């Protein structure tokens, strides 16, 4: 996104000659002209007058191409500017960066000098190659009086930067309502877009400038104009940024609460980012509570995933589909369970969420919660009769397997108490005890052995839990397995303790 007008004065050459353009005289011309540059350095009006009277060249340039007039304009010496203009100084002479006396006075915010230069027929629309117009720069910098002067001199009100932005766009970006009013009064194009498709209204909504938004709407700005990058409207951008007051203003101006973009809609953005007041406003404006993005994710899905409890309540009260799945089969309940959002799980269960809905990979909410070790959520799901032995077909894993694999001892206890199949093996023949032993989760191994897990259950490769514990050097687990009759796999002979 374009955030500032082009500024050629920041070139390396400009830095190289900083001392020179700062009025040092290492490269100043000889004779009377040298005296003139010395006088400019101190702002000595009498000496300037004397140099001019002695025949100094008022259009001589220093090494950076600046004339006495451009230096006086930049440094803010109006009386010296008058003297030089009276001596026929070239009002439109350009330095090596293409800047004129008027552009320098504009940049430094010297309105009195700008007025003098304009009266002397300075080119109001002159700009350096690749640079922005004087009016655009003044609008961006907030130089209000200079904006007025340039407009009165017929500056091009819609001249664009190299990124396609107009003076009005930059004033809207900054939220400078005074300059916005001046530009609108001068018939600035209220719907002109930059190269990214952003209008002044769009950028004002994004930045949270309420009064600017109101001014642009009053000037007939297109309330539903979208940007190029994402297809976002001003309303969706404001909703995503949490600018509640602007959302109200845009809705009052008949913004489309259901305008679709690449990612979702206004309600989707507000739900994802966690702005409950905006969600209320959009629901009241009849936003589609079940509108999904291109990945199939609804506002409820996003609020559940991100943990925005209040928004989940609002959406459920608005009859959001509690079991809507995204493109890979995830539901609001499965993502809330996976992310550990306990209160949201409660709300979704109370709203009759499908407790055993499997994701595309086969994981149920219980399996997801068990894998992450979200004990309280596991309790909630078991109390709601979740299938404790639901198996992921592709992998053959169960909730108990997940908890054992990850070493979540408390979760293992809950699942064992709920009659989980203690020896259910995955597609490799690995049981919960086998994977707990593999990773050295001694406390989990102890719990599973106490629940009568098969201590010598073999994998498809013929390895027992003791084999894999030995292979990975988990000494405490080795001792525990051997104490419960664990043996090595292939010949099942006893081994010497380490």
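For residue 160, only one of the following conditions fails: (1) closer than 30 Å to residue 88 by Cα; (2) under 33 Å from the mean Cα position of the chain (by Cα). What is its number? So residue 160 meets the others, but not (1). Contact map, the range 83-99: residues that are on the phi > 0 side of the Ramachandran plot paired with residues that are surrounded by fewer than 20 Cβ atoms within 10 Å (Cβ to Cβ) and part of a loop (DSSP other than H, G, I, E, B), Cβ distance under 7 Å, separation 6+ or inter-chain. Pairs shown: 98/128; 98/129. If you filter the range 182-198 down to residues that are in a loop (DSSP other than H, G, I, E, B) and surrounded by 21 or more Cβ atoms within 10 Å (Cβ to Cβ), you find that the one that is nearest to the chain's Cα centre (by Cα) is 198.
Restricting the first member to the range 298-314 and to residues that are outside any helix (DSSP H, G or I), and the second to residues that are crowded, with 18+ Cβ neighbours inside 10 Å, the beta-carbon pairs closer than 6 Å and six or more apart or on different chains are 298/292; 307/341. Exactly one condition in (1) crowded, with 24+ Cβ neighbours inside 10 Å; (2) within 30 Å of residue 319 (Cβ to Cβ); (3) within 34 Å of the chain's Cα centre (by Cα) is false for residue 381; which is it? So residue 381 meets the others, but not (3). Annotation: residue 117 fulfils all but one of (1) in contact with a helix residue (DSSP H, G or I) (Cβ under 7 Å, 6 or more places away or on another chain); (2) modelled with pLDDT of 95 or more; (3) in a loop (DSSP other than H, G, I, E, B); (4) assigned by TED's automatic domain parsing to the domain that holds residue 35; the unmet one is (3).
The rows are residues; the columns are (1) within 26 Å of the chain's Cα centre (by Cα); (2) closer than 24 Å to residue 373 by Cβ; (3) modelled with pLDDT under 95.
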site: 311; (1), (2), (3): yes, no, no
site: 321; (1), (2), (3): no, no, no
site: 333; (1), (2), (3): no, yes, no
site: 339; (1), (2), (3): yes, yes, no
site: 345; (1), (2), (3): no, yes, no
site: 348; (1), (2), (3): no, yes, no
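Residues considered: 290, 323. Of these, the only one that is in the same structural domain as residue 392 (by TED's automatic domain parsing) and either within 28 Å of residue 254 (Cβ to Cβ) or surrounded by fewer than 23 Cβ atoms within 10 Å (Cβ to Cβ) (or both) is 323.
Got a number for residues in the range 78-116 being over 20 Å from residue 39 (Cβ atoms) and crowded, with 16+ Cβ neighbours inside 10 Å?
Restricting attention to the range 78-116, the residues satisfying the condition of being over 20 Å from residue 39 (Cβ atoms) are 92, 94, 96-100, 102-103, 106-107, 109, 111, 114-115.
Cutting the leftovers down to crowded, with 16+ Cβ neighbours inside 10 Å gives us 94, 96-100, 102-103, 106-107, 109, 111, 114-115.
Residues in the range 78-116 being over 20 Å from residue 39 (Cβ atoms) and crowded, with 16+ Cβ neighbours inside 10 Å: 14 in total.
Within the bounds of the range 245-253, is there any residue that is free of Cβ contacts under 8 Å to residues at least 40 places away in the same chain, outside any helix (DSSP H, G or I) and more than 18 Å from the chain's Cα centre (by Cα)? Full working, then the answer.
So in the range 245-253, the residues free of Cβ contacts under 8 Å to residues at least 40 places away in the same chain come out as 245, 247-249, 251-253.
Among the residues that remain, those that are also outside any helix (DSSP H, G or I) are: 253.
Applying the additional criterion that residues be more than 18 Å from the chain's Cα centre (by Cα) yields 253.
Scanning the range 245-253, I find at least one residue that is free of Cβ contacts under 8 Å to residues at least 40 places away in the same chain, outside any helix (DSSP H, G or I) and more than 18 Å from the chain's Cα centre (by Cα), so the answer is yes.
Of all residues in the range 209-241, those being buried (at least 17 other Cβ atoms within 10 Å of the Cβ) and under 15 Å from the mean Cα position of the chain (by Cα) number 7.
The values are calculated or read from the model by the stated rules, or taken from the named source; none is laboratory data. Every value quoted in this text rests on a predicted model; they were computed, and no experiment measured them. Methodologically, a virtual Cβ is constructed for each residue, glycine included, from the backbone with ideal geometry; neighbour enumeration extends over all protein chains shown.
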